[in-house]
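Since the structure comes first, as C-alpha cells, the remarks are kept for the end.
Each reported figure results from applying straightforward, stated rules to the coordinates on display, with no laboratory input. The model shown is predicted, which means the values in this text are computed figures rather than measured ones. Counting neighbours? That spans all protein chains shown, and the Cβs are built from the backbone with ideal geometry, glycine included.
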Amino acid sequence: MPRDIAKHLIRQYGTASLRIVEIGKIRDSMARVHEDYPFIEAEVLYSVQSEMAVKPNDVICRRVPVSFIDQKATQDIILPKVAALMAKELKWTEERTKIEIEESLKGLPSMK
C-alpha cells in the first residue's frame, strides 16, 4: 500500500483503518478514487457499511472532505466514482444514481 494512503487511513480512521483495508482486499477496491489524493474506493464501502452513509455528499463532504480541497476534481471524477460505488452497494437504479449525483452537485461547498 502506498505510504500516503496508509497515513491518510490511520489519521482519518485510526484502528478502523484495518477494517477498511480488509474490505478493500476482499472487494478488490483498494484503487484511488482520484490519482492525486489518498482516498480509496474501500472508504466509500466502509462509509456505507459501517457509518450509515446514504448520500454521496455524506462521503465527499463529511467522511473524506475532498470536496473542500478540490471542487473541480470532485465534480468531474470523484463524485461519479463515489456514486457508482454507492449505487452498486445500495442497489440503486441508474435513474436513482443520476438523481443522487445531481443532488450532490447542488450540495457541494461553494469555492468563491
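Quick notes on this one:
- Residues (under 13 Å from residue 86 (Cα atoms), in a helix (DSSP H, G or I) and of a type in the set (Val, Ile, Thr)) located in the stretch 9-63: 44, 48, 59, 60
To keep it simple, each residue is scored yes or no on (1) closer than 23 Å to residue 106 by Cα; (2) touching a residue at least 40 places away in the same chain (Cβ under 8 Å); (3) aliphatic (A, V, I, L, M).
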{"site": "15", "(1), (2), (3)": "no, no, no"}
{"site": "18", "(1), (2), (3)": "no, no, yes"}
{"site": "25", "(1), (2), (3)": "no, no, no"}
{"site": "34", "(1), (2), (3)": "yes, yes, no"}
{"site": "44", "(1), (2), (3)": "yes, yes, yes"}
{"site": "48", "(1), (2), (3)": "yes, yes, yes"}
{"site": "54", "(1), (2), (3)": "yes, no, yes"}
{"site": "58", "(1), (2), (3)": "yes, no, no"}
{"site": "62", "(1), (2), (3)": "yes, no, no"}
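- Count - residues of the stretch 64-89 that are assigned to a helix (DSSP H, G or I), closer than 21 Å to residue 13 by Cβ and either of a type in the set (Gly, Ala, Ser) or in contact (Cβ under 8 Å) with a residue 40 or more places away in the chain (or both): 8
- Lone qualifier among 62, 96 - being more than 14 Å from the chain's Cα centre (by Cα) and of a type outside the set (A, V, I, L, M): 96
- Just so you know, in the stretch 30-62 the residues that are surrounded by 20 or more Cβ atoms within 10 Å (Cβ to Cβ) and of a type in the set (S, T, N, Q) include one that is nearest to residue 103 (Cα to Cα), and it is 57.
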